[in-house]
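Nothing in this text is a laboratory measurement; each read-out follows from the coordinates by a stated rule. Keep in mind that this is a model prediction, so the values were computed, not measured. So basically every Cβ, Gly included, is an ideal-geometry build from the backbone, and we count neighbours across all protein chains shown.
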Amino acid sequence: MDRRGFLQAAAAAIPAAPAMMMLGEQSAQSQAVAAPPAAEAGEGTLVSRFGDSRDWWFKKRFGMFVHWGLYSIAGWHEQLQWRGGVPRAEYEKLFQQWNPQQYNPDAWLDLAESAGMEYICLTTKHHEGFCLWDTKLTPFNTMNTPYGKDVLRQLADACHRRNFPLCLYYSVADWHSPLYPNQGRSHELAPQPGDHPDLAKYLDFLKGQVRELCTNYGKISGFWWDMRVDKVVDPSINAMIRALQPSAVINNRGFDEGDFGTPERDYDRSYDQPRGFRQRIEACQSVGMESWGYRKQEDYYSLRYLTSSIARYRARDANYLLNAGPDGDGVIPAMPAEILHRVGQWYKLVREAFDDAMPASAITANRDVLITRKGNSLYVHLVQPPDGGEVKLRPFALAPDRAVLLNDGRPVEWRLDIAPMEWTDHKPYLRLHRLPVEGFSGTTMIVRLDFASLAGLGPALTAADPGKSILAQ
Ligand code: GLC
């Protein structure tokens, strides 16, 4: 088609469009929503709720992960012993240096709250085998260090005082216990002289420790297994946790499938792709790019990256656990603390877009955004930094009554007309218009669109009560 032909075609198409709307025009002129693109697994659905006291986890969905252990004194990586090839006897000299005089669990919880976080998960025993509680089953615990106090007790008391759910991380792999069958597999030491590996006895030790953790520290809201190298299946272990702590949610890295999946960092990009999940998910990520434990020379993720990562999961009905590593004194250093604080400033402004919101990304073909829905509002999560001021929501074509940028409350312009690039359909689609991309390039923008009604959206996107929607798992 030559240029003249194009202009004629465009001119013919435009008057035919029922809604040539400009900023602020009312939805009385709205037209029917075009058929959504084929939905992916879990799009427009909520994952199944538990229907019991574990459902706290669906109300408090952003948590703080804390990696703390002997490795924090050295300040390189939580797997210093293995990745650094440090002989056990030398590594364990750190035990005599454990004396975190600045440890104040309330300072951690204050920071978590400033980040908008509502639960915490502590590494009670990482792969190094050092136990942060008064366990009777190995002397390799905080009571026998110069510090001489029960770290977990203090955190548990602080959590219970402010009704802050406490979850416990526990590594199955153990680089200290002479019973653990270290065979040089991934995340294992080579066989160590003097060890007497015995998996059955090690599992008895492990069960005894789990019983201590689930008995002596009041309410435990979650159990976070890690590094089950042996891949032993034994549902009796989670059954014991459930009997002792019925509100505890249990992850999928233990002795059976547990309650939820744990995509970690962004190693597995397949989790980025779907626009909804069919299983319960808690993504985990550290503010540090290399380590979960405190690292002196750490580089940190940008605020834009972290906010987008959080939005990517929270907009798909998933939880998010963000980690910071206290140093050997027990202090979360200034840099990660500042990052968490700034994440919180963002999270508090935008969280209405996540809380009790239904994934609704199926309404648009635009793969750079995620959408959630609550009542008659849609939230557009710009998880991919927009290329410019325009964000297309094709084939969605309903005019909002109001459009607001949650990041600062300013009105957002929009258009519902035929974009030159979309002219072939001869149909108008909704677009966000003149977004303030320059001013918000360091964060993740989320726009709320309020409608008079979203009744035309189709059943998958209109379920009203998240608590009652049992659609998957
Ligand atoms: C990885 C790390 C481990 C860390 C865990 C947290 O598995 O190797 O050290 O504790 O992530 O999910």
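The peptide list 189-197, 400-408, put in order of mean Cβ contacts within 10 Å with the highest first, becomes 400-408, 189-197. Here the simple spin-label model places points 7 Å from the Cα toward Cβ, and for ASN376 and ALA41 these points are separated by 3.7 nm. For GLY261, nonlocal amide neighbours, meaning residues 5 or more places apart or on other chains whose placed amide H falls under 5 Å from its own, are ARG280, ILE281, GLU282.
In degrees from 0 to 90, rounded to the nearest 10, what is the angle of the helix 334-350 Cα long axis to the longest principal axis of the chain? Helix 334-350 and the main axis of the chain meet at about 40 degrees. Working note: Karplus 6.51/-1.76/1.60 with θ = phi - 60° gives the stretch 371-381 the couplings 10, 10, 9, 9, x, 9, 10, 10, 10, 9, 9 Hz, where Gly and Pro are set to x. Once C-alpha pairs closer than 8 Å and six or more residues apart are averaged by separation and normalised to the residue number of the chain, the relative contact order reads 23 percent.
This ranking places THR124, THR138, THR444 by how few other beta-carbon atoms lie within 10 Å of each, fewest first, which gives THR138, THR444, THR124.
To the nearest ten degrees, helix 151-161 and the longest principal axis of the Cα atoms of the chain are 50 degrees apart. Entry note, the stretch 198-275: relative contact order of 26 percent, from Cα contacts under 8 Å with a spacing of 6+ residues.
For the stretch 53-353, the equivalent ellipsoid derived from the Cα gyration tensor has semi-axes of 28, 22, 19 Å, listed largest first.
Hey, what's the Kirkwood Rh for the stretch 193-304 if you take every pair of different alpha carbons, in angstrom?
Computed over Cα pairs of the stretch 193-304, the Kirkwood hydrodynamic radius comes out at 16.6 Å.
By the rule of a second cysteine Cβ within less than 4.7 angstrom, the chain holds isolated cysteines at CYS131, CYS159, CYS214, CYS284. Between THR424 and GLN279, the contour length at 0.36 nm per residue exceeds the Cα-Cα span by 48.3 nm. Taking label points 7 Å from Cα along the Cα-to-Cβ direction, MET289 and ASP272 give a separation of 1.5 nm.
Qualifying trypsin sites (Lys or Arg not before Pro) in the stretch 264-352, where qualification requires a DSSP coil assignment and no more than 12 other C-beta atoms within 10 Å, comprise LYS296. Between beta-carbons, use under 12 Å as the cut-off and find the net charge around ALA419, counting Lys and Arg +1, Asp and Glu -1. Neighbour charge sum, excluding ALA419 itself: +1. One chain, two ends: ASP387 and SER302. Fully extended at 0.36 nm per residue, the span grows by 28.8 nm beyond their Cα-Cα distance. The residues neighbouring ARG342, those whose beta-carbon lies less than 13 Å from its own, together hold a net charge of +1 under the Lys/Arg +1, Asp/Glu -1 convention. Each residue in HIS176, HIS187 was given a count of other beta-carbon atoms within 10 angstrom of its own, and listing them fewest first yields HIS187, HIS176.
When both the stretch 408-434 and the stretch 165-237 are represented by their alpha-carbon centers, they are found 55 Å apart. Each Cα pair under 8 Å and six or more residues apart adds its sequence gap; the mean of these over the residue count of the stretch 119-178 is a relative contact order of 48 percent. Measuring r between the beta carbons of ALA107 and ASP204 and using R0 = 45 Å, the FRET efficiency lands at 0.75. Per-residue Karplus couplings for the stretch 172-184, computed as 6.51 cos²θ - 1.76 cosθ + 1.60 with θ equal to phi - 60°, are listed in order as 6, 4, 9, 8, 10, 4, x, 7, 5, x, 5, 10, x Hz, Gly and Pro entered as x. The calculated FRET efficiency for the pair LYS136 and LYS59, based on their C-beta separation and a Förster distance of 25 Å, comes to about 0.10. Bridgeable lysines around LYS374 (alpha carbons under 28 Å apart, same-chain partners fewer than 8 residues away excluded): LYS59, LYS60, LYS348, LYS392, LYS427, LYS468. Near the amide H of PHE223, within less than 5 Å, lie the amide hydrogens of LEU168, VAL249, ILE250, ASN251, all on another chain or at least 5 residues away, with H placed in the peptide plane. For the chain, the longest principal axis of the alpha carbon atoms and the long axis of helix 235-244 meet at an angle near 90°.
Extension gain, TYR147 to ARG410, is 89.5 nm, computed as 0.36 nm per intervening residue step minus the present C-alpha separation.
Counting only DSSP beta bridges with both residues in the chain, the antiparallel share comes to about 45 percent.
With r as the distance between the Cβ atoms of VAL233 and ASP195 and R0 = 30 Å, compute the FRET efficiency 1/(1 + (r/R0)^6) and round to 0.05. With R0 = 30 Å, the Cβ-Cβ based efficiency is 0.80. In sequence order, the stretch 120-137 has phi-based couplings of 9, 10, 10, 6, 6, 8, 8, 4, 5, x, 6, 9, 8, 9, 7, 7, 8, 9 Hz under the Karplus curve 6.51 cos²θ - 1.76 cosθ + 1.60, θ = phi - 60°, and Gly or Pro positions carry x.
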